[in-house]
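What follows is a short report on a single structure.
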Amino acid sequence: MSLLEVHDLEVAYRRQGVEVRAVVGASLSLERGKIAGLVGESGCGKSSLARAVVGLVEPAAGEIVFDGTALSPLGRGARPRHETRLQMVFQNPYSSLNPRRTIGSQIGDGLRLGGGGERGARRRSVGELLEQVGLPSSAAGRFPHQFSGGQRQRVAIARALSVDPSVIVLDEPLSSLDASAQAQVANLLVGLARELDLALLLISHDLAIVRHIADRVFVMYLGQIVEEGPTREVWAAPQHPYTEALIAAIPHADGSGTLPEALPGEVPDPASPPPGCRFHPRCPHVFDRCPTEVPPLYELGAGRASACFLRDPLGPVREPTTIHEGVR
């Protein structure tokens, strides 16, 4: 049974008087002890979905179910205290920590919220949390500026763990770190998910990291989930042209795998998305129906799905009529 379920979620903003639908009909689920990756180009709506899940943004439509309880109708600031078990780690550890307070006091806030006992007991718990994320307990009395970027992100993870969460949403937690710190924190996340039976949602544009640690992957394009499935299977045989292009765009040691060759153009403005399939202006396979019909998320079996007419069980119906210039 899934611990967190998102059904047909929509997130909308107003920009200069125009409604921008950042997330459109997105659905996903998380299981205990598993890591799900949410991938896509910058601006595709990944962070908007994350913020809606944890209550920082109120959804325009859809439903979020956490441990059997629907969250969306409660709205921001109205969630019961036990739902602190749904936590978030932000992209930038430089700005997510208070520079004027010791890290021990910031981690202790979560322990106090959860009724973590007297001061002495909380101090011991802070030390245990720091050691759990690979930092010495003696670091509790230091300030954020005394740590490296990777260490700060470990502190942010320890703070999220302080309330004994069941689900942690991580919004690009590795993007501001160097390669060595990325690998260390990625391995930490895998260990925590398995040891603490946590459900993690890892949001990233770095497909290599997601491939390394995620059990399941959701691919997002212009606010919509266009493919999902077990990570290894998606990488071995992508079922959506966008996923195929993302994987082809991963740089290789020989210099191949560059984005302009694999996927021309840029993500359209979400305030004015293309009609029909949102990917069709950049797709190497365009059918008559693609510019006019929105493809559903076709279930392909074995936990896989793809929102592409190529996966229609009745067939695409018509032969491709257009191959975009410059796409190979």
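The values are calculated or read from the model by the stated rules, or taken from the named source; none is laboratory data. Since the structure is predicted, the reported quantities are computational estimates derived from the model, not experimental observations. In this analysis, Cβ positions are derived from the backbone assuming ideal geometry, glycine residues included, and neighbour counts consider all displayed protein chains.
Confirm whether residue 31 is closer than 21 Å to residue 202 by Cβ and acidic (Asp, Glu).
Judged against the criteria, residue 31 is a match.
Among the residues of region 37-80, what is the count of those that are over 29 Å from residue 175 (Cβ atoms) and modelled with pLDDT under 85?
Here the count works out to 5.
For region 261-304, how many residues meet the condition of being of a type in the set (Ser, Thr, Tyr), closer than 21 Å to residue 315 by Cα and exposed (fewer than 14 other Cβ atoms within 10 Å of the Cβ)? Let's see the steps before the verdict.
Of region 261-304, the ones of a type in the set (Ser, Thr, Tyr) are 272, 292, 298.
Still in the running and closer than 21 Å to residue 315 by Cα: 292, 298.
Restricting the remaining residues to those that are exposed (fewer than 14 other Cβ atoms within 10 Å of the Cβ) gives 292.
Total meeting the criteria: 1.
Report whether or not residue 149 is surrounded by fewer than 18 Cβ atoms within 10 Å (Cβ to Cβ), of a type in the set (Gly, Ala, Ser), more than 20 Å from residue 196 (Cβ to Cβ) and at pLDDT below 95.
So residue 149 passes the test.
Filter region 164-191 down to the residues that are touching a residue at least 60 places away in the same chain (Cβ under 8 Å), among the hydrophobic types (A, V, I, L, M, F, W, C) and buried (at least 20 other Cβ atoms within 10 Å of the Cβ), then identify the one that is nearest to residue 209 (Cα to Cα).
The residue in question is 189.
Here are some conditions: (1) in contact (Cβ under 8 Å) with a residue 60 or more places away in the chain; (2) touching a helix residue (DSSP H, G or I) at 6+ places or on another chain (Cβ under 7 Å). Residue 139 meets all but one. Which one does it not meet?
(1)
Considering region 279-301 alone, what residues qualify as being more than 17 Å from residue 27 (Cα to Cα), assigned to a loop (DSSP other than H, G, I, E, B) and not β-branched (Val, Ile, Thr)?
Correct list: 279, 283, 284, 285, 287, 288, 289, 290, 291, 293.
Could you tell me whether region 142-153 includes any residue that is in the same structural domain as residue 113 (by TED's automatic domain parsing), closer than 30 Å to residue 274 by Cβ and more than 13 Å from the chain's Cα centre (by Cα)?
No, region 142-153 contains no residue that is in the same structural domain as residue 113 (by TED's automatic domain parsing), closer than 30 Å to residue 274 by Cβ and more than 13 Å from the chain's Cα centre (by Cα).
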